[in-house]
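Just so it is clear, none of the values below were taken in a lab; they were calculated from the coordinates. The structure displayed is predicted, hence computed values, not measured ones. Cβ placement follows ideal geometry from the backbone for every residue including glycine, while neighbour counts extend to all protein chains displayed.
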Amino acid sequence: MRKNIVAGNWKMNLSENDAVELAKEVAEIKVENAEIIIFPPAIFIPTISKLGLKLKIGAQNFYPKDKGAFTGEISITQLKDAGVSYVLVGHSERRTILKEDNEFLKDKVNAALEHDVKVVFCCGEELTIREKGTENEFVKSQLVESVFHLNADQLKNVTIAYEPIWAIGTGLTASKEQAEAMHLFIRETIANHYNQEVANSVSILYGGSCNPSNAKELFACPNVDGGLIGGAALKSADFSSIASSF
């Protein structure tokens, strides 16, 4: 069965000292029924990994080739050597700012799984899509074009994170009903493409401005298995409160 996950995406924040201290504080969070993952800036991953903390460490980005003339990029093999066991793929910021499309994200999914690194695959719609009422079709296309080529065993190493982009930093808020509706749709879409057993094995996280004040009601939704946390992950007290919401 699927597991509860609370993942902290630190994005491009913190100094090395602050990152180390935050990692140590997060490692002290006692949660029995959820897995905790942190996604620090890549430059801090080796340092945090060497601390030997009881934490899963993920990378925010990588290039889907093992080596080569790709100036400034980092490969999945290099990240794995540094201690990474998870990677983010398809985050809305990578899609919108760095213009990563579904075909490129498919290559990243393949590269990660080929090297036994688990994937947190992000999907979600912008406000214009939501206003048209085509959010389900949009999210389904992201899954079909980047993930659904995998077989059932491979898919079990993928966690889905739903990001309602329209509810991130806009002043708008996704209700628990809206979050649950999309999570249910994603699970039903997986069941239709694979089967119900596979759908029940995939964790689906909510990634739309999850914080200590709304985490408990969101995590109580039947198809919400945790959160991909942004800003609130930078404060250990807030992150601990979210992780304890199960």
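In whole angstrom, how far apart do the alpha carbon centroids of the range 65-92 and the range 179-242 sit? Spelled out, the Cα-based centre of one part sits 25 Å from the other. Here the extension length gained between ARG2 and SER141 equals 47.7 nm, from 0.36 nm per residue of separation less the Cα-Cα distance. For the range 224-229, the Karplus equation 6.51 cos²θ - 1.76 cosθ + 1.60, evaluated at θ = phi - 60°, returns couplings of 9, 9, x, x, 9, 9 Hz by residue, with Gly and Pro reported as x. Each of VAL147, SER240, SER175 was placed along the dipole of the chain (beta-carbon charges, centred on the mean Cα), and the one lying farthest toward the positive end is SER240. Taking 0.36 nm per residue of sequence separation and removing the Cα-Cα distance, the ASP107/ASP153 pair yields an extension gain of 14.8 nm. Each Lys and Arg Cβ is given +1 and each Asp and Glu Cβ -1; about its Cα centre, the range 167-227 then shows a dipole of about 140 debye.
In the calculated pair-distance distribution of the chain, the portion above 23 angstrom amounts to 46 percent of the Cα-Cα pairs. Taking all Cα pairs closer than 8 Å and separated by 6 or more residues, the relative contact order of the chain comes to 22 percent.
Using the Cβ-Cβ distance between LEU51 and ASN13 with R0 set to 25 Å, the FRET efficiency from 1/(1 + (r/R0)^6) comes to roughly 0.85. Between THR96 and GLU197, the simple label model (points 7 Å from Cα in the Cβ direction) yields a spacing of 4.0 nm.
Principal semi-axes of the equivalent ellipsoid, √(5λ) from the alpha carbon gyration tensor of the range 37-114, are 21, 14, 11 Å from largest down.
By the count of neighbouring beta-carbon atoms within 10 Å, fewest first, VAL144, VAL87 end up ordered VAL144, VAL87. Using the Karplus relation 6.51 cos²θ - 1.76 cosθ + 1.60 with θ = phi - 60°, the per-residue 3J(HN,Hα) values for the range 77-92 come to 5, 5, 5, 5, 4, 7, x, 7, 10, 9, 9, 8, 9, x, 4, 4 Hz, with x marking Gly and Pro.
Between LEU228, LEU51, LEU113, the Gaussian network model of the chain with springs among Cα atoms under 10 angstrom shows the greatest mean-square fluctuation at LEU51. Cross-link partners of LYS106 among aspartates and glutamates, defined as those whose alpha carbon lies under 14 angstrom from its own and excluding same-chain residues fewer than eight positions apart: GLU114, GLU145. Of THR173, THR71, THR134, the residue with the greatest mean-square motion in the GNM of the chain, using alpha carbon springs below 10 Å, is THR71.
Between GLU21 and LYS132, the simple spin-label model (points 7 angstrom out along Cα→Cβ) gives 4.7 nm. Would you please give the residues with an amide H less than 5 Å from that of ALA161, counting only those at least 5 places away or on a separate chain, with H modeled from the backbone geometry? Counting only residues 5 or more places away or on other chains, the set is PHE121, CYS122, CYS123, LEU205.
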